[in-house]
Amino acid sequence: MKVKGQTAMEYLMTYGWAILIVIVVVAALYSMGIFTLKGGVPCSPCFSNFAFVDYSQTAQTLRVRNGPKTISIGAGNVTSNPVGAITSACPATTPCEAGADIDITSIPNTVGASILITITYTDTASGLSHTDTATLHNK
């Protein structure tokens, strides 16, 4: 009976030390910032039809990638709140192909503000109009 107790105790001690070492390693990695998302996506929630590519607060430019459909964005169909002179690299005369990058420029540069970007576009295949929104967080 004494041997069984010693075996069980050795088993628990071995796995106890292993679990303790894993906890210490994870804590050390966390304290070094390995698990933080620095410079991640500055929009929340992001667009549903457009994929976030990049955002430069200093250049006041947001780059998004078009979804799976060819679309057209009419003049004045990209707006922001607070209001700014928003322009898009996808004019109404030239449809944006599927997967094409679209630059949205002249976004208001208000530090610490949340900017609501609204894109109204038309699916060229169906002719139906859609609206997509995202909120940018300026740091």
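The values are calculated or read from the model by the stated rules, or taken from the named source; none is laboratory data. Predicted model only: the values in this text are computed from it and were never measured. FYI the Cβ positions are ideal-geometry reconstructions off the backbone, even for glycines, and counts take in every protein chain you see.
For this structure, a couple of remarks:
- Region 60-79 - residue that is among the hydroxyl-bearing types (Ser, Thr, Tyr) and either assigned to a loop (DSSP other than H, G, I, E, B) or within 18 Å of the chain's Cα centre (by Cα) (or both) and, of those, modelled with the lowest pLDDT: Thr61
- Members of region 95-123 found to be more than 21 Å from the chain's Cα centre (by Cα) and surrounded by fewer than 14 Cβ atoms within 10 Å (Cβ to Cβ), listed by number: Glu97
- Residues of region 109-128 classified as touching a Ser or Thr at 6+ places or on another chain (Cβ under 6 Å) and part of a loop (DSSP other than H, G, I, E, B), total: 1
- The selection criterion, being under 19 Å from the mean Cα position of the chain (by Cα), exposed (fewer than 13 other Cβ atoms within 10 Å of the Cβ) and either assigned to a strand (DSSP E or B) or not assigned by TED's automatic domain parsing to the domain that holds Thr58 (or both), holds for Thr131.
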